[in-house]
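The values are calculated or read from the model by the stated rules, or taken from the named source; none is laboratory data. The structure displayed is predicted, hence computed values, not measured ones. FYI the Cβ positions are ideal-geometry reconstructions off the backbone, even for glycines, and counts take in every protein chain you see. Remember, those area values only see protein heavy atoms, side chains included, never the ligands or the DNA or RNA. Shrake-Rupley method; radii C 1.70, N 1.55, O 1.52, S 1.80 Å.
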Amino acid sequence: MKILVAPQFGIGDALMTTPALEILKRYRPSWKIDVFTMKKPINDVFKNNPNIDNLIHYPLLEKNKLSSILFILRNLTLRYDVTINFFPSNRRDYNIFSFLTLSKNRIGFRYKNSSFLQFDFLLNKKCEEDYNLHCVEENLKLLKLLGIEYKGDIPKLSIYLTQEEIDKGKEFLKNFGNAVKIGIHTGSSSFKSHKNRRWKKENFLEVVNYYKDYMFFLFGTEEERQENEFILKNSIHQNCFLVNNKTIRETASIMKNLDLFISNDSGLMHLAAAVNLPVIAIFGPTNPTWVGPWGVKHKIVRLDLECSPCFVYSPKPLECKIEEKFKCLNQITPNIVIKAIEEMLL
């Protein structure tokens, strides 16, 4: 059997497929498992994964539609027995991708908040989305469509770093001594208005300024530049350091050597879990039941509002329907996060 895993958009989404891939390879070691990636950071997430036989990378998002279709037809069509659209892949483009492979079995999900225009009829074997399950558990459900009934302990998220990469992460931090080292990610995906998942930069700054003897490492890319520069400029103890211009694997190797990670609901939150770094995860409109840190010591910081969480997997952008917009995040005070830090570092 030849299996093709359809592309994932986000780093967190990709990482949350790794437990299912591990179980699939464990139960069907003779099957060939190829993973298609369209973004280099996602390709880096899967690099060296022993449960994957081949990585196929092509930047679909950077190409015009005709070039993308031609690539699929020339390289993927009629070459696989199964194409898997792991959770969450509720965009029309993913279903079209799966159909163009012409795999005999094209498996994925039927989402509760979807429509005919999402073209999920192009998949011929589907599971029903379950609001009570984590994304990792949703992905395991798809294995039942391949005849795998798994009832054991679910593996952790995984990124397979080399010893050389881990050593470079240690080298990066060697000059900071034995102080408690805390990573911070002020960002999140910006796709479909998901910048509204971000806790205010002023709140992160207040947390940083509360601690004189801890070291804080600010992670991110150009998307988080404004927030990170604000914190650097206004921190009062000179204990903040910027970690930028790093690949996902370099980022993971540094994170692996920290003591704690504070993050919004983001891909780096899941990367922290993948390197077994304890996490404080700040949640507003999204649902920690679905996407909370998996398989690692963590604490969820959120307000139990009647309207929260309000996010569902659908083609629509994230929006707040109450008058006090994103109250679920804006009313989380720095003191709540400081308390969580104290509890996690006990």
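Only helices enter the 222 nm calculation for the chain: every DSSP H run of n ≥ 4 contributes -39,500 (n - 2.57), and dividing by all residues gives -9500 deg cm²/dmol, rounded to 500. According to the Kirkwood relation over distinct C-alpha pairs, the hydrodynamic radius of segment 132-222 is 17.6 Å.
When you filter the chymotrypsin sites (Phe, Trp or Tyr not before Pro) in segment 1-67 for DSSP loop state and at most 16 other Cβ atoms inside 10 Å of their Cβ, you are left with TRP31.
Protection proxy ranking for 241-252, 67-78, using the average of other Cβ atoms within 10 Å per residue and placing the highest first: 241-252, 67-78. Of the whole protein surface, GLU149 contributes about 110 Å² of accessible area at a 1.4 Å probe radius.
Counting pairwise Cα distances across segment 156-287, what percent come out greater than 19 angstrom? It works out to 47 percent of all Cα pairs. Taking a Cβ cut-off of under 10 Å around ASN105, the surrounding Lys, Arg, Asp and Glu residues balance to a net charge of +2, with basic ones at +1 and acidic ones at -1. Placing a pseudo-label 7 Å from each Cα along the Cα-to-Cβ vector at ASN178 and LYS2 gives an inter-label distance of 5.7 nm.
Any idea what diffusion coefficient segment 22-73 gets from Stokes-Einstein, in µm²/s, Kirkwood Rh on alpha carbon pairs, 10 °C, 1.306 mPa s? D = 129 µm²/s. The mean sequence separation of alpha-carbon pairs under 8 Å and at least six residues apart, normalised by the residue count of segment 82-141, gives a relative contact order of 36 percent. Average accessible surface for the chain: 46 Å² per residue, computed with a 1.4 Å probe over protein heavy atoms with every protein chain in place. GNM remark for the chain: springs join alpha carbons under 10 Å apart, and the peak mean-square fluctuation among ASN90, ASN335, ASN276 falls on ASN335. Any of LYS2/LYS63; LYS200/LYS233; LYS168/LYS256; LYS212/LYS233 with alpha carbons more than 19 Å apart? Name them for me. Over 19 Å Cα-Cα: LYS2/LYS63. Hey, what's the Kirkwood Rh for the chain if you take every pair of different alpha carbons, in angstrom? For the chain, inverting the mean 1/r across all distinct Cα pairs yields 21.0 Å. Across MET269, MET255, MET38, mean-square fluctuation computed from a Gaussian network of the chain (C-alpha pairs under 10 Å connected) peaks at MET38. Evaluated at q = 0.14, 0.23 Å⁻¹, a Debye calculation over the C-alpha positions of segment 267-316 (equal weights, vacuum) places log10 I(q)/I(0) at -0.37, -0.84.
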